[in-house]
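Student: Quick one: the structure is below, questions incoming.
The values are calculated or read from the model by the stated rules, or taken from the named source; none is laboratory data. What you see is a predicted model; the values in this text were computed from it and never measured. Using ideal geometry, Cβ is built from the backbone for each residue, glycine included, and neighbour counts are taken over all protein chains shown.
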Amino acid sequence: MELKYQVLKILEENRGNSVNGAKLANELFVTRSSIWKAVKSLQKDGYSIEAVTNRGYCLLPDNDIVSVASITPFLKGLAATFQLEVKQTVTSTNILAKEAAAKGAKEGTVIIAREQTDGRGRMGRSFYSPDSSGIYFSIILRPTLNLEDSLLITTSTAVAVAKAIESIAQVEASIKWVNDIFIEDKKVCGILTEASLNFENGGLEYAVVGIGINTWTRSFPGEIQQTAGSLFQNKPDDAPVTSMLVAEVLNNIAESMNSLTDKKYLEEYRKRSFLLGKDILVLKGKDTTPAKAIDIDEKARLVVEYADHTTEALVSGEVSTRIVSK
């Protein structure tokens, strides 16, 4: 590991407190001059590090640059074994994660970016992913599931994200089937699951779950100005909330990884769904049909009732939904 990241790891572990330069040098078996150069390099990268004579170096509490070192202290349980990689700018974390999964990357590999130039959403849509005001990450999973049950991955992730948002941002999060997280009437997070099928056994070879969260995005392109929102109006200045948020999402995903087929989380998903009981439009290709959302079934499909009182369980890859305006 490059020296400056070794220094960053120690400073993250002591965030808000000064670490003596001589102690850092002794611990890392380098000179104090090397420590000074590493700190200067981190400061150049944007890290808020204060140097105080006779006290050492202090990573300030308001620093919120996401790094492996900033996320790791908040991971727990199985999530603490995940392999994290943080990049500044990528085309799409899902694209990189799928490439890694195809080459055999293990379950729990996580690719995190501060910006995406080609962020992707469901049904070929783009996902707005600007620098420094959102966080975008993808995790490789290798669940023992058949293709029919793959929707459980997306819905369990939605619950994991909603719980993390509520814990870190102290706001109530709801879910629009199947993969969008809302605060009040604004979308703050999108989830995209892409999977590869093992043709020998009919199960999944791997799944890549991509998560994009607007943390404090202030302006959105015209086409989503009315529907998109952020967790915070302004960047909090007293904690590394982005790193905490990523870690909490991963903690929640890790907790549910081995119990997807138990479907215990589905009741929580239903409670968080704001479509249930509402009149919606079911969009299939170019056809639009009015219906009422009445349930989420045991396969995480949205059950709707049409005007003729027939019902249908919708699969996310085939349809989209829109709440009827009142």
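Student: Take the conditions in a loop (DSSP other than H, G, I, E, B) and basic (Lys, Arg) and apply them to LYS40. Does it pass?
Tutor: So LYS40 does not fit the description; no.
Student: I would also like to ask the following. Inside segment 85-105, can you point out the residues that are under 21 Å from SER243 (Cβ atoms), aliphatic (A, V, I, L, M) and not in a helix (DSSP H, G or I)?
Tutor: Result: VAL86, VAL90.
Student: Additional query: Of everything in segment 211-229, what is surrounded by fewer than 20 Cβ atoms within 10 Å (Cβ to Cβ) and either hydroxyl-bearing (Ser, Thr, Tyr) or assigned to a helix (DSSP H, G or I) (or both)? Give them in sequence order.
Tutor: THR217, SER219, GLY222, GLU223, ILE224, THR227
Student: For segment 123-193, please list each of the strands (runs of 3 or more DSSP E) lying entirely inside it that holds at least 2 residues being aromatic (Phe, Trp, Tyr) and not assigned by TED's automatic domain parsing to the domain that holds ARG301.
Tutor: In segment 123-193, 134-141 are the strands (runs of 3 or more DSSP E) which contain 2 or more residues that are aromatic (Phe, Trp, Tyr) and not assigned by TED's automatic domain parsing to the domain that holds ARG301.
Student: Continuing with the same structure: Mind listing whichever residues of segment 260-281 are assigned to a helix (DSSP H, G or I) and either without any contact (Cβ under 8 Å) to a residue 60 or more places away in the chain or over 15 Å from ILE175 (Cα atoms) (or both)?
Tutor: LEU260, THR261, ASP262, GLU267, ARG270, LYS271, listed by residue number.
Let's see how each residue does on (1) touching a strand residue (DSSP E or B) at 6+ places or on another chain (Cβ under 9 Å); (2) touching a residue at least 40 places away in the same chain (Cβ under 8 Å); (3) among the basic types (Lys, Arg); (4) more than 30 Å from GLY119 (Cα to Cα):
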position: TYR5; (1), (2), (3), (4): no, yes, no, no
position: ALA22; (1), (2), (3), (4): yes, no, no, yes
position: TYR57; (1), (2), (3), (4): yes, yes, no, yes
position: ILE71; (1), (2), (3), (4): yes, yes, no, no
position: ALA97; (1), (2), (3), (4): yes, yes, no, no
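Student: Name the single residue, out of those in segment 103-117 being under 10 Å from SER92 (Cα atoms) and of a type in the set (Val, Ile, Thr), that is farthest from the chain's Cα centre (by Cα).
Tutor: THR117
Student: With the requirement that a residue be at pLDDT 85 or above and over 20 Å from the mean Cα position of the chain (by Cα), what does segment 195-225 give you?
Tutor: Within segment 195-225, SER196, LEU204, GLU205 qualify.
Student: When you go through (1) under 25 Å from SER132 (Cβ atoms); (2) touching a Gly at 6+ places or on another chain (Cβ under 9 Å); (3) crowded, with 19+ Cβ neighbours inside 10 Å one by one for THR193, which number turns out not to apply?
Tutor: (1)
Student: I would also like to ask the following. In segment 300-326, what residues are modelled with pLDDT under 90, closer than 22 Å to SER156 by Cβ and of a type outside the set (A, V, I, L, M, F, W, C)?
Tutor: SER316, GLY317, GLU318, SER320, THR321
Student: Could you identify the single residue in SER70, SER126 that is under 23 Å from ASN234 (Cα atoms) and over 15 Å from the mean Cα position of the chain (by Cα)?
Tutor: Within the list SER70, SER126, the selection yields SER70.
Student: Given ASN94, ASN146, ASN179, which one is crowded, with 23+ Cβ neighbours inside 10 Å, at pLDDT below 90 and either out of contact with any Phe, Trp or Tyr (no Cβ under 8 Å at 6 or more places or on another chain) or over 30 Å from ASP279 (Cβ atoms) (or both)?
Tutor: Just one listed residue meets the conditions, ASN179.
Student: In segment 231-259, what count of residues is obtained for those that are part of a loop (DSSP other than H, G, I, E, B), buried (at least 21 other Cβ atoms within 10 Å of the Cβ) and either free of Cβ contacts under 8 Å to residues at least 24 places away in the same chain or under 15 Å from the mean Cα position of the chain (by Cα) (or both)?
Tutor: 1
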